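First comes the structure, then the notes that go with it.
The values are calculated or read from the model by the stated rules, or taken from the named source; none is laboratory data. Model, not experiment: these values are computed from the prediction. Note that each Cβ is placed from the backbone with ideal geometry, even for glycine, and that neighbours are counted across all protein chains shown. In case anyone asks, the SASA skips ligands and DNA or RNA and just uses the protein heavy atoms, side chains included. Shrake-Rupley method; radii C 1.70, N 1.55, O 1.52, S 1.80 Å.
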Amino acid sequence: VQLRRLGGGSVQAGDSLRLSCAASRRTFSNNGVGWFRQAPGKEREFIAAISWNGASTIYEDSLKGRLTISRDRAKNTVSLEMNSLKPEDTAVYYCAAHRSSYGSRLAPDYIYWGQGTLVTVSS
């Protein structure tokens, strides 16, 4: 799963950012897709997931309201929009394809992972 980032890796606090995840060499159109992030010195954490058809979404409670996950099955992409960014949002962001058609909060349920992209939020 190739991760393609749109919107730039370094932003200012309060800005918005859109990350996209595009599949290469295989499709994930029938898989749920999730986004995780790992901040320096911290464990990887779940932030959002979407089902194969986009009808079901899951968000980390503490981030709900600042995130929107969506997918375009025709383009085989999943996007994550983040608003009102804060310095504590600085992390490497990963997308991953779930083993089923739905997403979950658990990293072991995901079978294909993107390489990750660094997002740095400056105050």
Practice prompt. Before anything else, pin down the relative contact order of region 6-123: Cα pairs under 8 Å, at least 6 apart, normalised by residue count, whole percent.
Written response: 35
Worksheet entry | Heavy-atom accessible area per residue - region 47-123, 1.4 Å, Å² | 49
Practice prompt. Under a cut-off of 26 Å between alpha-carbon atoms, report the lysines in cross-link reach of K42, not counting same-chain residues fewer than 8 places apart.
Written response: K64, K86
Worksheet item: Sorting I50, I111 by accessible area (1.4 Å probe), largest first, what list results?
Response: I111, I50
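Would you work out what percent of the accessible area of the chain, with all protein chains in place, is carbon or sulfur (probe 1.4 Å)?
45
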Discussion item. Students often get this wrong: which residues of region 25-55 have the backbone nitrogen under 20 Å from the point 7 angstrom along Cα-to-C-beta of V92?
Written reply: 34-48
